[in-house]
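Heads up, the thing below is written out as structure tokens.
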Amino acid sequence: MTQGKKISKKTNTSKPYTTLIWILGLGLLLFIMLIFVFVKFSRLPDISELDNPKYEFSTIIYDINNKELGKYFKYNRVWTTYDELNPDVVNALVATEDIRFFKHSGIDTRGTLRAFFYLGKKGGASTITQQLAKLFFTERPSNSITRLWQKLQEWVIATELEKRYTKEEILAMYLNKFDFRYNSHGIESAAKTYFGKSQKDLTTDEAAILIGMLKWPYKYDPVKKPQNAFYRRNIVLSQMNKYGFLDDDKFAVLKEKPVDASRFSSTTSFKGPAPYFRTELIKWINTLLDDRRYRKPDGTKYDIDLDGLKIYTTIDLDYQQLAEKAVYDRMKDLQQTFDQTYKGMDVWNYNADSKQKSIRNATLNRFIKESNRFKNLRENILGTTIDSVLEVFPDARLWDIDIERMLAQEKDKSYLDKLLDESYISSKQYNAYNELLNSELWNLLKSKQAVLNNSVRKSFNTKVKMKVFAYNEAGESTVTMTPLDSIKYHKNFLQTGMLAIDPHNGYIKAWVGGINYKYFMYDHINSKRQVGSTFKPFVYATAISNKGISPCFKVQDVQYSITPGEGDFGLSTTWSPSNADNFSGDYYTLYDGLFKSKNSVSVFLMKELGNVDIVRETASKFGIDEKDIPRQPSICLGSADLSVMQMTSAYAVFANNGYYNKPTFVVRIEDRNGRVIYKNVPEKQEAFSENYNYVMLKMLRYVAKTIQPKFVTPVGGKTGTTNDYRDGWFMGITPDLVVGTWVGGDEQWIKFNSITYGQGAFMARPIFEKFLTSLEQSKNVDFKKITEFPLPEKEIDIELNCEEYDKINKSQVIEEEFEE
């Protein structure tokens, strides 16, 4: 009886608690439903892209005639349907990420609760649908609260996805949308980037590598982090084995297989016309769009890859194609001459003293360390050890140079002290180096570095099958050579930069930055090289405008010197430059002095001017930054390092009656609805008196008299050759087009060894000749070959006819003698 009453009493007391639990549960459920409704009607990421996975919103580049020049788009991908997916890809994804995918309704209760309780710190959404939803968030949450809100939004998007699409469609969408790095969006592009094949042809282990990257693409990158990729791949394979997608025998074999990323090839925009220009264009546009003046109506920044902009450029596709062909044809022939010149010799050791050999070996070592092959070896051998060391000594940094410094310290105990005294390293680095050197970890790191050195030596000296650049229709050929020889092989190619500008408005009509974008991505249009004699016209122009000198004025071809204290040159020692050939003692007019590129005449004019700044000021009016021109009299011989862009736009002044137009390559930019975002505003200014400019025009035409018979179009120009034949230039002008061309090696020892082949007239001028010939002969190109250079409106007070000039000067001498 007593016990019965106790039981009865306990049962009665529990009722209020049960009721409370039910109330709290229903309240929580109602609260969750209200949050869900609130989130659903809040601003969510746009998922409409999934309905239209094409390129409707690609940014399109147009040439001056509204012909399509290329596109910028985010998704380098081929949209793959579920039926087209490799079964191993599907099985690996489901086994690793969401084994219940085909059974649940899109929400994993446990995963969602975990996201709530841990605010996303220990993971959240685990279903494939929720992971797809997460991909629509382009901004990383700044804190846990933001991530929690994002998690709720993902939940809503996941339910919407499940309503609108089948499970198969959702799975395919996820694999199509994921960014696998290296501009590889989607499984198909990733397969081609990492393994050089379609996703349908992936082996099981390759599929597992790509699925493993879904967790963290950077960390499990098979190219940069092969050890991590190996570890993650085996987890994926283990999951496949666990759930019956992979039998035990095959799993045992595949988990031992090394990660092979040797067929990796990052997608680039080397295909199509004007690849160097398009690369420069995207840099310029991204900088422009950072400016708040060029934002969307709502104030947000345009995305060049997604917002469907229309970029109208000044490039003329017809000119561009002819320019690329002219460059290819000439450089192909020039390379044959270069290779024949050094036949049977190693250019990298030719005519090199011990100092030069040391420089060249250091350069070659730098190229080795910049290669993907080296980076992969380093990560594979040193990666784990470096991570361990940096946990203890984070300030050690452990770049290649850091390890080399510590190895040098072992040999010379004062080495680090010297670096510290000369401020090459900070005190923090100094202490970190010494602490590491005195720890047990140093021996481990040093031993691993020795293994790396041996592996690099073996790898780079072992012949393998590879593709290299070649002057053929494909632009490449398959050969067997060592990776070390392939580096030398590609660095032995002569390079070029060629630009064509309309002098009347500064519009860039053709841009060729090198011989082949796929293998040589460095653009030579804005790189600075010594300009040689192409700078001399600015010296002549300064002398003519400031001294009123006629181009018929004669200068004796002897060695001139500028001494300390002379003029305003500020020299501490006497400067006495020589000619490219011997001094003849003959008298040359300025016409012939420029035509024969006599250094003696240029030095004489510089002496007459009395200072360097007056020449620098002239050049600055032609658009060349004075900072790029040294305050030294040697500039009269072309010692300045300037770019093809600077020189071509400067020479355009001579073809445009003395007016400078700032070079431009974009006319306007529109959004996808046709609203003008940006419009070019021409920047034009008088750089030179039209009368003096006409004098210089006559001189430049005189210089080009030997090539004029080849053309109907009036031409002028100037060649340039630098010390040791490292750089060859030709600046060509016509009434409606100015063309600047540079040719040379990327390394200073990649050059011809004689003036016969190393001069600008042989290396660079033929490109101009081929280009202009093709323009004149083409029936489809809008090129006016009959036009003439403009005449000045006012009468010229400088005598241009040398016969008349001699008569006048002779009569003046007679009159002076008669007066005496």
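Numbers for the structure displayed
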| quantity | calculated |
| --- | --- |
| In the range 263-314, the residues that are in a loop (DSSP other than H, G, I, E, B) and of a type in the set (F, W, Y) | F264, F270, Y302 |
| Whichever residue in the range 545-574 is aliphatic (A, V, I, L, M) and at pLDDT 95 or above and, among such residues, is most open to solvent (accessible area, probe 1.4 Å) | V558 |
| Qualifying strands (runs of 3 or more DSSP E) (wholly inside the range 487-555; at least 1 residues being over 18 Å from the mean Cα position of the chain (by Cα) and not aliphatic (A, V, I, L, M)) | 508-512, 528-530 |
| Test for G674: is it open to solvent by less than 30 Å² (accessible area, probe 1.4 Å) and more than 22 Å from D782 (Cβ to Cβ) | no |
| Subset of the range 229-242 [open to solvent by 10 Å² or more (accessible area, probe 1.4 Å) and touching a residue at least 40 places away in the same chain (Cβ under 8 Å)] | I235, Q239, K242 |
| Pick from the range 740-798, criterion of a type in the set (D, E, K, R) and in contact with a Lys or Arg (Cβ under 8 Å, 6 or more places away or on another chain), ranking: farthest from N526 (Cα to Cα) | E776 |
| Residue in the range 251-271 that is farther than 22 Å from T204 by Cα and either buried (at least 16 other Cβ atoms within 10 Å of the Cβ) or in contact with a strand residue (DSSP E or B) (Cβ under 7 Å, 6 or more places away or on another chain) (or both) present | yes |
| Condition check for E370: among the acidic types (D, E), within 30 Å of I750 (Cβ to Cβ) and surrounded by fewer than 16 Cβ atoms within 10 Å (Cβ to Cβ) | yes |
| Residues located in the range 197-219, provided they are part of a helix (DSSP H, G or I) and free of Cβ contacts under 8 Å to residues at least 24 places away in the same chain | E206 |
| Residue pairs meeting the criteria (Cβ under 6 Å; at least 6 apart or on separate chains; first farther than 18 Å from P663 by Cβ, in the range 278-304; second assigned to a helix (DSSP H, G or I) and open to solvent by less than 90 Å² (accessible area, probe 1.4 Å)) | Y294/L288; K301/L289; Y302/L289; I304/I285 |
| Residue in the range 756-775 that is modelled with pLDDT under 90 and hydrophobic (A, V, I, L, M, F, W, C) present | no |
| Only listed residue being open to solvent by less than 80 Å² (accessible area, probe 1.4 Å), at pLDDT below 70 and charged (D, E, K, R), chosen from D63, D108 | D108 |
| Filter result (within 29 Å of the chain's Cα centre (by Cα) and open to solvent by 30 Å² or more (accessible area, probe 1.4 Å)) within the range 391-403 | R397, W399, D400, I401 |
| The listed residue being among the hydroxyl-bearing types (S, T, Y), closer than 24 Å to K488 by Cα and over 31 Å from the mean Cα position of the chain (by Cα), out of S371, S388, S354 | S354 |
| Enumeration of residues in the range 180-205 that are farther than 28 Å from K103 by Cβ, out of contact with any Lys or Arg (no Cβ under 6 Å at 6 or more places or on another chain) and open to solvent by 10 Å² or more (accessible area, probe 1.4 Å) | R181, Y182, N183, K192, K197, S198, D201, T203 |
| Residue in the range 644-653 that is within 30 Å of D307 (Cβ to Cβ) and in contact (Cβ under 8 Å) with a residue 40 or more places away in the chain present | yes |
| Residue among F771, F730, F762, F752 that alone is more than 17 Å from A655 (Cβ to Cβ) and either assigned to a strand (DSSP E or B) or open to solvent by less than 10 Å² (accessible area, probe 1.4 Å) (or both) | F752 |
| Unique residue being open to solvent by 40 Å² or more (accessible area, probe 1.4 Å) and out of contact with any Gly (no Cβ under 9 Å at 6 or more places or on another chain) when the list is L416, L441 | L441 |
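The values are calculated or read from the model by the stated rules, or taken from the named source; none is laboratory data. Predicted model only: the values in this text are computed from it and were never measured. Because the Cβ atoms are built from the backbone with ideal geometry, glycine has one as well, and the counts that use them run over all protein chains shown. What goes into the accessible areas is simple: the full protein's heavy atoms, side chains included, and nothing from ligands, DNA or RNA. Shrake-Rupley method; radii C 1.70, N 1.55, O 1.52, S 1.80 Å.
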